[in-house]
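Sharing a structure, written as structure tokens. Questions coming.
The values are calculated or read from the model by the stated rules, or taken from the named source; none is laboratory data. Source: prediction; values computed, not measured. No Cβ is skipped: glycine too gets one built from the backbone with ideal geometry, and neighbour counts run over all protein chains shown. Side chains included, ligands, DNA and RNA excluded: accessible areas come from the protein's heavy atoms. Shrake-Rupley method; radii C 1.70, N 1.55, O 1.52, S 1.80 Å.
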Amino acid sequence: MKTQKTRKALRQSLAVFRYSGRAIALVWTTSRSLTIILASLTLIAGLLPAAIAYLGKLIVDAVVFSAQAGINGDISRPLLYVALEAIAVMLLAGSQRGLIVCQSLLRALLGQRVNVLILEKAQTLDLKYFEDSEFYDKLLNARREASVRPLSLVNRTFGLVQSALSLVTYGILLVKFSVWAVIVLIVAAMPAFIAETKFATQAFRLFSWRAPETRQQHYLENLLAREDYVTEIKLFQLGGMLLRRYRNIFHQLYGEDRDLTLRRGLWGYLLSLVSTAAFYLAYAWIVIETVLGKISLGDMTMYLTVFRQGQSTFAAALTSIGGMYEDNLYLSNLYDFLEEESPQPWGTVTIGINPEDGIRFENVSFTYPGNSKPALNNISLHLKPGEKLAIVGENGSGKTTLIKLLTRLYAPDSGKIFLDGVDLQEWDIEVLRRRIGVIFQNFVRYQFTVGENIGVGDVEYLDDSHRWQNAAQKGMAEPFIHQLPDNFSTQLGRWFKGGHELSGGQWQKIALSRAFMRTRADILVLDEPTSAMDAQAEFDIFNHFRTVTQNQMVFLISHRFSTVRMADKIMVIEAGKVVEQGTHAELLAADGQYAKLFWLQAAGYQ
Ligand SMILES: Nc1ncnc2c1ncn2[C@@H]1O[C@H](COP(=O)(O)OP(=O)(O)OP(=O)(O)O)[C@@H](O)[C@H]1O
């Protein structure tokens with residue numbers, strides 16, 4: 001039982017080194033030369049203090065010896081030792097300064113490296129990860145302190161090695177005096193060491209429990225300070241309420257922090273008194289031995305230095321250990337994130353076996369992870385090349401989900417989707433995505449120029465101004481772009497200097513143009529493409545729609561029946577199921593759900 005407890009305590013104490021190896025490996029692969037320099041300087045800085053203490057002893061002994069010889073005394077020997085000590089002190093200062101320089105260089109390199117690792121990893125993950133709050137915690141935690149934590153852990157690990165080296169060498173010097181003194185000092189240091197690791201473990205746990213609260217705090221900060229939220233926050237007068245919530249979370253966290261910090265401080269002090277008392281007992285012992293003439297004055301000077309510095313080195317080591325726990329927490333988050341399994345994009349097909357077949361959904365069902373009800377239930381549909389399909393249905397009926405499956409952001413749970421006769425999952429994802437032009441309801445408003453905002457629709461032609469113009473024409477954006485101060489070169493958004501903000505409808509026209517940038521795409525997905533546009537723009541799009549999308553299959557989601565009518569086929573879905581399919585005329589004649597909604601909307605205009 002007792003051995004088990006000791007083993008547990010030991011394991012807990014050693015947990016502090018859990019990620020040190022990986023952090024060092026990370027630093028090593030970031031810059032080998034800097035790591036070697038850092039390690040060498042650590043070694044030098046660890047060993048020199050004992051050497052300096054020893055030189056101090058040699059100086060005093062040589063001085064005493066020469067002084068006893070009177071006028072004939074040899075002055076050169078003490079002076080030689082003084083010179084040596086001066087050199088050693090300079091070397092120590094040099095190595096300490098070198099360590100600081102190395103650390104700042106490594107901090108910059110490592111920060112960049114870790115950030116790039118995180119962002120690269122994020123690229124490889126599926127959409128479902130980003131919709132998972134636990135995963136989001138990991139991502140935020142990983143990014144938050146990317147530039148400081150890995151280096152801090154390395155510095156502290158090296159710092160601890162340096163302190164340990166100094167303490168061991170001090171110990172070696174002290175062994176000459178008495179093995180017992182060394183043993184007493186080590187034993188007296190143990191309680192403080194164990195208490196520190198125990199409190200650090202508690203702090204470690206406290207931090208990990210808190211991830212959701214911390215994320216909530218960050219979210220509130222964002223709400224309170226970001227330009228796109230500020231209008232609503234002001235007009236709904238939410239500032240006070242949000243700040244109150246922000247403060248409350250802080251106070252709750254602070255309360256826990258304060259308790260732990262106070263306990264840690266108090267116990268840390270009390271237990272370090274034990275080791276200090278042991279230090280000074282040994283010190284008194286040395287004074288007595290010197291007075292009795294059993295050791296030289298030089299020895300006493302050396303031990304004095306060893307005790308003084310040993311004490312502060314020991315305190316530094318304890319602080320390092322406390323910090324290392326926090327660094328470990330960060331790194332465990334980082335590695336949790338980096339080791340998240342990335343689904344390998346598979347599928348190699350680049351050409352379909354039956355290009356005349358277009359797109360076919362066969363009994364497709366899909367439920368979002370964590371939901372009990374399916375978002376899509378047994379959907380079947382067929383769209384031939386060039387055909388246009390409109391999907392109609394009330395909020396939450398599954399329209400956007402259908403598009404997410406079509407664009408392979410998610411895979412069906414059952415059933416299959418075919419493109420040109422080949423299962424969508426077997427297509428090479430890059431080839432598949434090149435064939436799809438899309439505008440989502442929540443399209444991105446890039447804080448780039450107008451041209452780039454359209455150009456991102458086909459990154460290979462990002463800077464091709466001819467294509468921008470063509471796409472802008474199709475997306476009805478051209479007239480207002482010509483009125484902007486720098487036409488296509490106008491910077492958009494308010495984040496950067498000289499940025500020009502657009503209206504909601506203008507942004508939507510830019511997004512629509514972006515979808516038309518993909519001239520090689522034969523599948524066009526439009527999720528509420530005209531919801532923010534004025535009546536004239538919608539009418540124009542309606543009129544030109546067939547010409548601009550001549551060879552494309554179109555999936556159009558809209559609540560506006562004026563837009564829906566453009567389609568060859570209309571599909572009505574309700575709670576994830578297809579309830580009606582047909583042309584506008586057929587569905588009106590059928591007098592079902594579609595007809596009901598159509599006349600309802602039409603009545604509103606009369
Ligand atoms: N990321 C998600 N995770 C879990 N459930 C989701 C997610 N997105 C949508 N859902 C759920 O799936 C169902 C279908 O949503 P979907 O977005 O496809 O509806 P929609 O028909 O596009 O609605 P709207 O007309 O409001 O845009 C809804 O019940 C919604 O709550």
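What is the helix-to-structure angle for 239-291, meaning the angle in degrees between its Cα long axis and the longest Cα principal axis of the chain, kept from 0 to 90 and rounded to the nearest 10?
Helix 239-291 sits roughly 20 degrees off the main axis of the chain.
Need one value: the accessible area of Arg467 in square angstrom, 1.4 angstrom probe, rounded to the nearest 10.
Solvent-accessible area, nearest 10 Å²: 60 Å².
In cubic angstrom, how much convex hull volume per residue do the alpha carbon atoms of the chain span? Don't skip to the end; give the middle numbers.
Working: hull volume 138.8 nm³, N = 606.
Dividing the Cα hull volume of the chain by its residue count gives 229 Å³.
A further question follows. Each label point is 7 Å from the Cα along the Cα-to-Cβ direction; what then is the distance between the points at Ile183 and Glu341, in nm?
5.4
Can you pull the accessible area of Ser372 for me, 1.4 Å probe, Å² to the nearest 10?
Accessible surface of Ser372 is approximately 110 Å².
Using only alpha-carbon positions, what ratio does the radius of gyration of segment 482-588 give when scaled by 2.2 N^0.38 Å?
That works out to 1.28 for segment 482-588.
Per residue, how much accessible surface does the chain expose to a 1.4 Å probe? Answer in Å², no decimals.
Result: 53 Å² per residue.
Let me ask something else about it. For each pair in Lys416/Lys577; Lys128/Lys388; Lys138/Lys509, compute the distance between the two Cα atoms and list the pairs where it is over 24 Å.
Working: Lys416/Lys577 16 Å; Lys128/Lys388 29 Å; Lys138/Lys509 36 Å.
Listed pairs above 24 Å: Lys128/Lys388; Lys138/Lys509.
Here is a follow-up. First compute the accessible area of the chain with a 1.4 Å probe, then give the percent of it belonging to carbon and sulfur atoms.
Details: 19000 of 32150 Å².
Carbon and sulfur atoms account for 59 percent of the accessible area of the chain.
Let me ask something else. Which of the aspartates and glutamates could a cross-linker bridge to Lys176, judged by Cα under 18 Å and excluding same-chain residues fewer than eight apart?
Asp61, Glu289, Asp299
Would you list Leu235, Leu253, Leu80 from the most to the least accessible area, probe 1.4 Å? Walk me through the intermediate numbers first.
Working: Leu235 135, Leu253 20, Leu80 95 Å².
In descending accessible area the options line up as Leu235, Leu80, Leu253.
For a paramagnetic label modelled at 7 Å from the Cα of Ile429 toward its Cβ, which residues of segment 109-129 fall within the zone defined by backbone nitrogen distances under 16 Å?
The answer is 119-129, whose backbone nitrogens lie closer than 16 Å to the label point.
Inverting the mean 1/r over all pairs of different Cα atoms, compute the Kirkwood radius of segment 130-196 and quote it in Å.
15.4 Å is the Kirkwood radius here.
Here is a follow-up. Want the number for Ala225 to Leu462: 0.36 nm per residue separation, take away the alpha-carbon distance, what's left?
Answer, rounded to one decimal: 82.1 nm.
If the reach is capped at under 12 angstrom between alpha carbons, list the aspartates and glutamates near Lys121, excluding any in the same chain fewer than eight residues apart.
Within reach: Asp336, Glu339, Glu340, Glu341.
Right, something else. Relative to the longest principal axis of the C-alpha atoms of the chain, give the angle of the C-alpha long axis of helix 20-30, reported between 0 and 90° and rounded to the nearest 10°.
70
Also, quick follow-up: Please give the calculated 222 nm ellipticity per residue for the chain, where each DSSP H segment of at least 4 residues contributes -39500 (n - 2.57) and the sum is spread over every residue; nearest 500 deg cm²/dmol? Provide the component values of the computation, followed by the final result.
Numbers: 22 runs with 389 residues, N = 606.
Per the formula, -21500 deg cm²/dmol.
Classify segment 341-398 from the C-alpha gyration tensor, please: rounded if a/c falls under 1.5, else prolate or oblate depending on whether a/b exceeds b/c.
Verdict is oblate for segment 341-398.
Shape of segment 38-174 from its Cα gyration tensor (a ≥ b ≥ c, root eigenvalues): rounded if a/c is under 1.5, otherwise prolate when a/b > b/c, or oblate?
Numbers: a/c = 7.19, a/b = 3.93, b/c = 1.83.
It is prolate, given that a/c is not under 1.5 and a/b is the larger ratio.
What shape does segment 68-140 take by its C-alpha gyration tensor, where a ≥ b ≥ c are the square roots of the eigenvalues and a/c under 1.5 counts as rounded, a/b above b/c as prolate, and the rest as oblate?
Taking the square roots of the gyration eigenvalues as a ≥ b ≥ c, segment 68-140 is prolate.
Can you give the angle from 0 to 90° between the axis of helix 179-209 and the longest principal axis of the chain, with both taken from C-alpha atoms, to the nearest 10?
Helix 179-209 and the main axis of the chain meet at about 20 degrees.
Also, I was wondering about something else. Could you state how much accessible area Tyr129 has, in square angstrom rounded to the nearest 10, with a 1.4 Å probe and all protein chains kept in place?
The accessible area comes out at roughly 40 Å².
Suppose we keep just the DSSP beta bridges with both residues in the chain; what percent of those would be antiparallel, to 5?
Values: 18 of 37 bridges.
If I count the DSSP bridges inside the chain, around 50 percent turn out antiparallel.
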